[in-house]
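**Student:** One structure, as structure tokens, below. Some questions next.
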Amino acid sequence: MKVQDVMTHNPVYISPEASVTEAKVLMTKQKISKLPVLDKNKRLVGIITKNDLIKAGPSAATTLDMYEIGYLLSKLTVEKVMHKKVITVTEDEVIEEAARIMVDTDIGCLPVMKDDLLIGIITESDLFHVFIDLFGARQKGVRATFELDEKPGQLAKLTQAIADLGGNIVSLVTWEGEDPVHRRITVKSTGTTAAQMEKILKDVHADLKGIRVL
């Protein structure tokens, strides 16, 4: 799966000359928390988030009244508070790399570029939706988490055993186990019972960590 499959196309943006108040109103209206900042030539020059707007406001200890605060924020431009060093990705980047970049750099979104043109944005919310799909969270079935020996053929035995019972795998996700010689796996299938799944896992010598009927 690539970034282009899950990103928001043609994202809402704002200019660097706009006020912080305008940015806040736009975010509220569009129900978003991040805004790419484009200059008059439509070049990406920054990004501003809802957290940036909160930080731009006065502290709780201020003696200013709400009208004075509103006036000051209306004079403060997006350019003054936006992030100018923006990390971007291309539409052809795979989603796991986009997720790694976000985690490693502690950011919540990535503008998506095609050459110098902003064509989309991918956020942590988009990745949550991918996570739901990968685990088949909206589908009913038997969900089992277990560990298998990290060696060729183990998954093939498991999937064949499920198929032999007339089961259908709707989700299968693997990641590193507790040690280098094991692989942790979560599988969700339909057409099988919990008892049948437990027997399959026993037959392939899996270490069952949990099983649920959803």
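**Student:** Suppose we keep only residues that are without any contact (Cβ under 8 Å) to a residue 40 or more places away in the chain, open to solvent by 60 Å² or more (accessible area, probe 1.4 Å) and part of a helix (DSSP H, G or I) within the stretch 157-173. Which one would you say is farthest from H205 (Cα to Cα)?
**Tutor:** The extreme case among them is D164.
**Student:** Then there's this: Among the residues of the stretch 36-67, which ones are hydrophobic (A, V, I, L, M, F, W, C), at pLDDT below 95 and either within 26 Å of K85 (Cβ to Cβ) or surrounded by 11 or more Cβ atoms within 10 Å (Cβ to Cβ) (or both)?
**Tutor:** Taking the stretch 36-67 first, the residues hydrophobic (A, V, I, L, M, F, W, C) are 37-38, 44-45, 47-48, 53-54, 56, 60-61, 64, 66.
Now narrow it down to the ones that are at pLDDT below 95: 53-54, 56, 60-61, 64, 66.
Answer for the stretch 36-67, where residues must be hydrophobic (A, V, I, L, M, F, W, C), at pLDDT below 95 and either within 26 Å of K85 (Cβ to Cβ) or surrounded by 11 or more Cβ atoms within 10 Å (Cβ to Cβ) (or both): L53, I54, A56, L64.
**Student:** A further question on this structure: Of the residues A144, A194, A206, A161, only one is modelled with pLDDT of 95 or more, of a type outside the set (V, I, T) and in contact with a helix residue (DSSP H, G or I) (Cβ under 8 Å, 6 or more places away or on another chain); which?
**Tutor:** On the way: A194 fails: in contact with a helix residue (DSSP H, G or I) (Cβ under 8 Å, 6 or more places away or on another chain); A206 fails: modelled with pLDDT of 95 or more; A161 fails: modelled with pLDDT of 95 or more.
Of A144, A194, A206, A161, the one residue that is modelled with pLDDT of 95 or more, of a type outside the set (V, I, T) and in contact with a helix residue (DSSP H, G or I) (Cβ under 8 Å, 6 or more places away or on another chain) is A144.
**Student:** Continuing with the same structure: What are the residues in the stretch 8-35 that are under 22 Å from E124 (Cα atoms), open to solvent by less than 90 Å² (accessible area, probe 1.4 Å) and not hydrophobic (A, V, I, L, M, F, W, C), if any?
**Tutor:** T8, P11, Q30, S33, K34
**Student:** Within the set of pairs 6 or more residues apart or between chains, which connect a residue that is open to solvent by less than 20 Å² (accessible area, probe 1.4 Å) inside the stretch 174-195 to a residue that is aliphatic (A, V, I, L, M) and outside any strand (DSSP E or B) with Cβ atoms less than 6 Å apart?
**Tutor:** S189/I162; T192/L165
**Student:** Please specify each residue of the stretch 5-27 satisfying the condition of being within 20 Å of N51 (Cβ to Cβ), part of a loop (DSSP other than H, G, I, E, B) and of a type in the set (A, V, I, L, M).
**Tutor:** Hits for the stretch 5-27 are V12, A18.
**Student:** So, in the stretch 106-136, how many residues would count as being among the aromatic types (F, W, Y) and touching a residue at least 24 places away in the same chain (Cβ under 8 Å)?
**Tutor:** 1
**Student:** Any idea how many residues of the stretch 175-207 are under 24 Å from the mean Cα position of the chain (by Cα) and not in a loop (DSSP other than H, G, I, E, B)?
**Tutor:** 8
**Student:** Here is a further query. Consider the stretch 139-156. How many of its residues are of a type in the set (S, T, N, Q) and more than 15 Å from H205 (Cβ to Cβ)?
**Tutor:** Residues flagged as of a type in the set (S, T, N, Q) and more than 15 Å from H205 (Cβ to Cβ) within the stretch 139-156 amount to 2.
**Student:** Inside the stretch 138-150, can you point out the residues that are touching a residue at least 12 places away in the same chain (Cβ under 8 Å) and either at negative phi or open to solvent by 60 Å² or more (accessible area, probe 1.4 Å) (or both)?
**Tutor:** Q139, K140, V142, R143, A144, T145, F146, E147, L148, D149, E150
The values are calculated or read from the model by the stated rules, or taken from the named source; none is laboratory data. Because the structure is predicted, anything quoted here is derived from the model rather than measured. All Cβ positions, even for glycine, are placed from backbone atoms using ideal geometry, and neighbour counts span all protein chains on display. Just the protein is used for accessible areas: all its heavy atoms, side chains included, with ligands, DNA and RNA removed. Shrake-Rupley method; radii C 1.70, N 1.55, O 1.52, S 1.80 Å.
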